[in-house]
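Novice: Before I ask anything, let me first share the structure, which is written out below as structure tokens.
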Amino acid sequence: MIYRSTIARQPNQFRHTLEVVGTQLRDLDLAPFEKGTVVVTGIGASYEAAGVVAGELQRRGRRAITWRAVDLMEPGDPGDAIIVFSVGGRSIEPIAALTIHSTLPSLAITSGGNDPLSRTASAALRFESGPDSLPSSTGYTGSLLAGGLLIDALCGEDSFNWNDIPLIASEVLETSAKKMARIGEMFHDQRAIDCVGAISALGTAGEACLLIREAARVPTGVADTLHYLHGPMESMDQATGILIFGDGREVRLAQELAEIGCAVLLVTASESPQDAKNLAVVKVPSLQNRVGRSIVDILPAQLLAAELSDAAGLTDAQFRYSQNDTKVTVNESEPRV
């Protein structure tokens with residue numbers, strides 16, 4: 001039960017990451033990242049983390065855009081500085097992106113720090129998320145926490161106190177776990193599951209898609225909330241499910257899809273929606289900080305992925321389709337990360 005135990009230890013892991021990242025930020029020269037347009041990038045789950053961080057930078061008044069690392073592997077003028085996420089720091093695409101745009105200031109945010117991406121970037125920040133599972137849990141939330149602390153260092157401290165995140169996460173995990181038996185039953189045997197959210201929650205939805213694909217091997221799709229209303233929801237029926245993250249139009253969308261028979265999990269800070277037939281509601285704190293909110297929002301999705309993985313007999317199963325051309329080969333004399 002490695003995946004479930006890794007999910008459960010995240011609150012304690014957050015305490016360690018807060019200390020490690022905070023110490024580094026006191027000495028890190030962030031001047032090259034304080035002005036102009038910041039490009040935030042990554043691949044896989046790290047790309048979804050990048051989307052969350054870019055959304056919070058935008059909320060704080062910074063010009064920030066999310067680029068896929070693959071798109072940055074072409075020459076051009078994407079922005080004034082690059083922030084890149086990669087848990088292991090060995091993904092080929094982000095390394096290639098920084099190499100191609102070597103004239104731009106770049107900051108690598110990885111778990112271990114001593115890795116090929118950190119050595120390619122002009123600056124590095126490590127968050128030490130510890131041993132992770134397949135699919136990733138601490139690596140993703142550790143990336144977010146490091147990104148949130150970095151934003152405070154760049155933009156000034158927010159009203160949100162990051163020292164509260166371990167306790168908040170513990171409470172959300174406990175609340176979510178109490179509902180997982182029913183939610184797992186609702187989503188059992190669904191032929192496909194969509195994940196929907198807006199702004200930074202679109203990154204959360206994208207990560208939820210990856211978790212379910214990797215843990216339970218169920219086809220998933222991701223969409224921005226309002227975009228979803230313009231056609232993508234036409235495929236929904238009683239054989240499909242949906243995870244929805246948000247407090248606005250998302251609430252009505254959840255209720256409408258439950259009424260037509262879809263299995264619906266709504267993760268929201270809104271007080272109005274309640275559990276109903278085909279609808280399960282997990283309440284989370286209303287956090288203005290989009291990174292903090294995204295950390296707590298992903299926790300119910302992690303537990304659902306574990307529930308579906310167990311039901312499919314795939315508990316802690318390894319990936320079936322490992323590729324040999326997605327990671328930089330680490331020299332045996334170098335530490336593995």
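Novice: Just flag the GluC sites (Glu not before Pro) in the stretch 228-337 sitting in loop per DSSP whose Cβ has no more than 13 other Cβ atoms within 10 Å.
Specialist: For GluC sites (Glu not before Pro) across the stretch 228-337 that sit outside H, G, I, E and B with at most 13 neighbouring Cβ atoms in 10 Å, the list reads E271, E332.
Novice: Also, quick follow-up: What does the charge dipole of the stretch 166-260 about its Cα centre add up to, to the nearest 20 debye, if the Cβ of each Lys and Arg holds +1 and the Cβ of each Asp and Glu holds -1?
Specialist: Around 160 debye, computed over the stretch 166-260.
Novice: Let me make sure I get this right: for the stretch 187-305, a, b and c are the square roots of the gyration tensor eigenvalues over alpha carbons, sorted descending. Under 1.5 in a/c it's rounded, otherwise prolate if a/b > b/c, else oblate. Which is it?
Specialist: Rounded, since a/c falls under 1.5.
Novice: I've got another one for you. Rank these residues by their accessible area, most exposed first, probe 1.4 Å: E207, E185, E48.
Specialist: Greatest to least solvent exposure: E185, E48, E207.
Novice: Given contacts defined as C-alpha pairs under 8 Å and at least six residues apart, what's the relative contact order of the stretch 1-141, whole-number percent?
Specialist: Rounded, it is 26 percent for the stretch 1-141.
Novice: If you don't mind, another one. According to a simple spin-label model (label point 7 Å from Cα along Cα-to-Cβ), what is the distance in nm between L167 and R191?
Specialist: Simple spin-label model gives 4.8 nm for this pair.
Novice: Here is a follow-up. Of all beta bridges DSSP finds with both residues in the stretch 210-329, what is the antiparallel percent, to the nearest 5?
Specialist: 10
Novice: Could you tell me which of A312, Q288, P300 has its Cα farthest along the dipole of the stretch 279-320 towards the positive end, charges placed at Cβ (Lys, Arg +1; Asp, Glu -1), taken about the Cα centre?
Specialist: The residue sitting farthest along the positive end of the dipole is Q288.
Novice: Which percent of the accessible area of the stretch 1-137 is formed by carbon and sulfur heavy atoms (probe 1.4 angstrom)?
Specialist: After summing per-atom areas, the C and S share lands at 52 percent.
Novice: Here is a further query. With +1 on each Lys and Arg Cβ and -1 on each Asp and Glu Cβ, how big is the dipole of the chain about its Cα centre, in debye rounded to the nearest 20?
Specialist: The dipole of the chain has a size of about 160 debye.
Novice: Order the following by accessible area, largest value first: V87, V222. Probe radius 1.4 Å; ligands, DNA and RNA are ignored.
Specialist: Most to least solvent-accessible, the answer reads V222, V87.
Novice: Tell me the Kirkwood radius of the chain: reciprocal of the mean inverse pair distance over distinct alpha-carbon atoms, in Å.
Specialist: The answer is 20.0 Å.
Novice: For the stretch 139-227, which trypsin sites (Lys or Arg not before Pro) pass both filters: DSSP loop (anything but H, G, I, E, B) and at most 16 other C-beta atoms within 10 Å?
Specialist: The qualifying sites are R191, R217.
Novice: Just check the stretch 72-164 against the gyration tensor rule for me: Cα atoms, a ≥ b ≥ c as the square roots of the eigenvalues, rounded for a/c under 1.5, and otherwise prolate or oblate depending on whether a/b exceeds b/c.
Specialist: It comes out oblate by the Cα gyration axes.
Novice: Taking every DSSP beta bridge with both residues inside the chain, roughly what % is antiparallel (nearest 5)?
Specialist: Rounded to the nearest five, the antiparallel share is 5 percent.
Novice: Could you provide, to the nearest whole Å², the per residue accessible area of the chain with probe 1.4 Å?
Specialist: 43
The values are calculated or read from the model by the stated rules, or taken from the named source; none is laboratory data. Since the structure is predicted, the reported quantities are computational estimates derived from the model, not experimental observations. No Cβ is skipped: glycine too gets one built from the backbone with ideal geometry, and neighbour counts run over all protein chains shown. Note: accessible area is taken over every heavy atom of the protein model, side chains too, but ligands, DNA and RNA are not part of it. Shrake-Rupley method; radii C 1.70, N 1.55, O 1.52, S 1.80 Å.
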